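A quick write-up on the structure given underneath.
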Amino acid sequence: MSTSLALRKTAGQAVVYLALTVAAVIVVYPLYNGLVTSFLSANSVYSYPPKLVPVEFCWQNYLDALHQAPLLRFVMNSFIQSSGVMVSQLVLASLAAFAFAFLPFKGKQVVFLVFLSTMMIPWESTIIPNYLFIQGIKWDDTYLGLIAPFMASAFATFLIRQSFMSLPRDLYDAAVIDGCSNLRYLLTVALPLSRPALGTLAVYSFLQTYNQYLWPLLITNKIEMRTVQIGITMLRDAEREMWQVVMAGVVIVMLPTLLLFVVANRQLIRGLTAGALKG
Amino acid sequence: MAVLANSTAGGQVAQRSSRARQRRRDIAQWMAALPYLAPSLVLFSVFVFYPLVRSVVLSMYATNSIGQMTRFVGTRYYQRLLESSEYLNSLAVTARFVLYTVPGVLIVSLILATLGNLRLRGIAVYRVAFALPLAISGATAALLFMFLYHPTLGPFNYFLDLLRLPRVGWLIDPKWALMAVAVPRIWLQSGFATVVILAGMQGISEELFEAAKIDGAGRFASWRHVTLPLITPSLFFLLVVTTLGAFQTFTEVNVLTNGGPVDATQVVVHEIYRSFYFNGQYGFASAQALILFVIMLVLTIIQFGVIEKRVYYA
């Protein structure tokens, strides 16, 4: 009796693990297939049936990818853009969040709604004037043009504000009575205590910017100013189909964000879901 | 009498001075808050509010090839939109794209989150795998799928061969192309969606499941009657976010099909892009962009007004 019950439990667990594994394989498969293909020789890629497991390790594809398009330059451009956006969002969102969380002023609700409304206006519906503006001030093909439109973010402000609001109010009141200035309180108390939220925002805004497509496509024309997501499609267009080289390029381009995700996924997930559900 | 008049006058003075004091305090508070808010407000004005107004103006002017306004045309572009078969087609394509991706993302991520919420050894590894698409960009996802879809070299048609099914021209057949663009989109968004649902599930109190168990509920019944109602806030949030995201789709289309074959995947944002970037019709494209904005706004309001009432907030 008890053994059959135990047996049924084990069998049930096996089914559950099987379901989990099947789901995980499906989710990871596109990535896996890209990785396998990036190591195949041209002969293997262009023979039937397609290779579903790694049968060879052809590093040459990676050298070819780097040779066919200035991928490292693209990665550098994207790093500059993403870091610029990340740092300015951290600074500007912290400042604005501080005003919302700690400072009393008339019309706070209205200003809050102004911030909120920027999230309701889709970027796509204002992109034409923005494109004309950036071109008009000759910021196309510059890092400034890539960074400036994304420096302020309402989402980032709300994420940091959420964290500031969880700090004990008495702490701020006591600090003010002791003659601590607002800026000093922000720098020495509020920000150090909000490190988790700042970390989440840093990872999130870096990922978002690194993965941008439409804006860099519009405002960069010189090859040396292209960002990775645009540059990578050059491999596809470059010569007659070389899929193993395209996949090697895709792996190179994805590597920084995948590493960032593996290192910081806990932080990112906890922070984002807290913001998404409470905000 | 005189005393009375005197006292009211004094009261008025006192009131006025207190109001003045109040005003001074308001201004002082604003001066303290302004440096913190100003950088964001200035940037929002330059890159969000001004461009929105500018879009409205632009949509009523004919322009030259570099986007300078040349002639006032009033609402002519809006009238022309109603007759433009390209634009109406892009709206229909977008609507179908929304219908493919939004239920797709919600169902896939509900399944993944349910599996990921099981308490088993090694579950953390599965959770990371399910969230993985979070880190991947639209452009690289599109390229990964482009090879999977390859008519002769790609694994998808090979799998069809194995199942003895006829091959499909995923990206070249107008019947399949939109579906083929929707799949990488669903794949990408399921990462974030699974994470959000999983967080909702983990916030449910353990006692509720125990109570359901005592009432004789099996695993499925407690999922159906405890878990599902309690994650409706997460599902509602995702419904809004993925609907808006589907309306804004551009990257996957641009990389995979460039709007083709015969405009079968020409979604609205790609149509806007074609109008202003290739055809130089800045005014006409601005009118399209504003219609998109209005549609998204109305849909969001409807979702909040109708569906949110059925969301269960604990």
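The values are calculated or read from the model by the stated rules, or taken from the named source; none is laboratory data. From a predicted model like this one, the values you see are computed outputs, not experimental measurements. FYI the Cβ positions are ideal-geometry reconstructions off the backbone, even for glycines, and counts take in every protein chain you see.
Listing for the model above:
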{"quantity": "Of the criteria (1) more than 30 Å from residue B:267 (Cβ to Cβ); (2) more than 8 Å from every other protein chain (Cβ to nearest Cβ), which one residue B:188 fails", "calculated": "(1)"}
{"quantity": "Number of positions in region A:86-113 that are closer than 17 Å to residue B:48 by Cα, at the interface with chain B (Cβ under 7 Å from one of its Cβ atoms) and surrounded by fewer than 20 Cβ atoms within 10 Å (Cβ to Cβ)", "calculated": "1"}
{"quantity": "Hits in region A:5-42 (condition: among the aromatic types (Phe, Trp, Tyr) and part of a helix (DSSP H, G or I))", "calculated": "A:17, A:29, A:32"}
{"quantity": "Within region B:256-285, considering residues that are aromatic (Phe, Trp, Tyr) and over 22 Å from the mean Cα position of the chain (by Cα), the one surrounded by the fewest Cβ atoms within 10 Å (Cβ to Cβ)", "calculated": "B:278"}
{"quantity": "Spans of helices (runs of 4 or more DSSP H) in region A:69-182 with at least 3 residues at pLDDT below 95 and farther than 29 Å from residue B:295 by Cα", "calculated": "A:71-102, A:154-165, A:169-177"}
{"quantity": "Qualifying residue in region B:81-98 (condition: within 17 Å of residue B:193 (Cβ to Cβ) and in a helix (DSSP H, G or I))", "calculated": "yes"}
{"quantity": "Cβ pairs under 8 Å, 6+ apart, first in region B:85-104 and over 17 Å from residue B:252 (Cα atoms), second in a helix (DSSP H, G or I) and among the charged types (D, E, K, R)", "calculated": "B:86/B:271; B:87/B:271"}
{"quantity": "Number of positions in region A:51-68 that are of a type in the set (Phe, Trp, Tyr), crowded, with 17+ Cβ neighbours inside 10 Å and part of a loop (DSSP other than H, G, I, E, B)", "calculated": "0"}
{"quantity": "Residue in region B:155-168 that is surrounded by 19 or more Cβ atoms within 10 Å (Cβ to Cβ) and in contact (Cβ under 8 Å) with a residue 60 or more places away in the chain present", "calculated": "no"}
{"quantity": "Residue A:203 being assigned to a helix (DSSP H, G or I), among the aliphatic types (A, V, I, L, M) and touching a residue at least 40 places away in the same chain (Cβ under 8 Å)", "calculated": "yes"}
{"quantity": "Cross-chain or 6+ apart pairs with Cβ under 6 Å, region A:46-67 first and hydroxyl-bearing (Ser, Thr, Tyr), then surrounded by 12 or more Cβ atoms within 10 Å (Cβ to Cβ)", "calculated": "A:62/A:248"}
{"quantity": "Index of the failed condition, residue B:153 passing every other in (1) within 11 Å of chain A (Cβ to nearest Cβ); (2) in a helix (DSSP H, G or I); (3) under 30 Å from residue A:47 (Cβ atoms); (4) touching a helix residue (DSSP H, G or I) at 6+ places or on another chain (Cβ under 9 Å)", "calculated": "(2)"}
{"quantity": "Residue that is outside any helix (DSSP H, G or I) and at negative phi, where the choices are B:65, B:40", "calculated": "B:65"}
{"quantity": "Check on residue A:56, of a type in the set (Asp, Glu) and closer than 30 Å to residue A:198 by Cα", "calculated": "no"}
{"quantity": "Pick from region B:38-60, criterion touching a Ser or Thr at 6+ places or on another chain (Cβ under 7 Å) and not aliphatic (A, V, I, L, M), ranking: farthest from the other protein chains (Cβ to nearest Cβ)", "calculated": "B:59"}
{"quantity": "Qualifying residue in region A:214-229 (condition: free of Cβ contacts under 8 Å to residues at least 24 places away in the same chain, within 8 Å of another protein chain (Cβ to nearest Cβ) and loosely packed, with under 15 Cβ neighbours inside 10 Å)", "calculated": "no"}
{"quantity": "Residue list for region B:86-128, filter: facing chain A (nearest Cβ under 10 Å), crowded, with 20+ Cβ neighbours inside 10 Å and either small (Gly, Ala, Ser) or on the phi > 0 side of the Ramachandran plot (or both)", "calculated": "B:116"}
{"quantity": "Test: residue in region A:116-123 that is closer than 26 Å to residue A:182 by Cα and more than 19 Å from the chain's Cα centre (by Cα)", "calculated": "yes"}
{"quantity": "Selected residue (only one of B:227, B:242 is touching a helix residue (DSSP H, G or I) at 6+ places or on another chain (Cβ under 7 Å), hydroxyl-bearing (Ser, Thr, Tyr), surrounded by fewer than 22 Cβ atoms within 10 Å (Cβ to Cβ) and modelled with pLDDT of 90 or more)", "calculated": "B:227"}
{"quantity": "Residues of region B:303-314 that turn out to be among the β-branched types (Val, Ile, Thr) and surrounded by fewer than 11 Cβ atoms within 10 Å (Cβ to Cβ), as a count", "calculated": "1"}
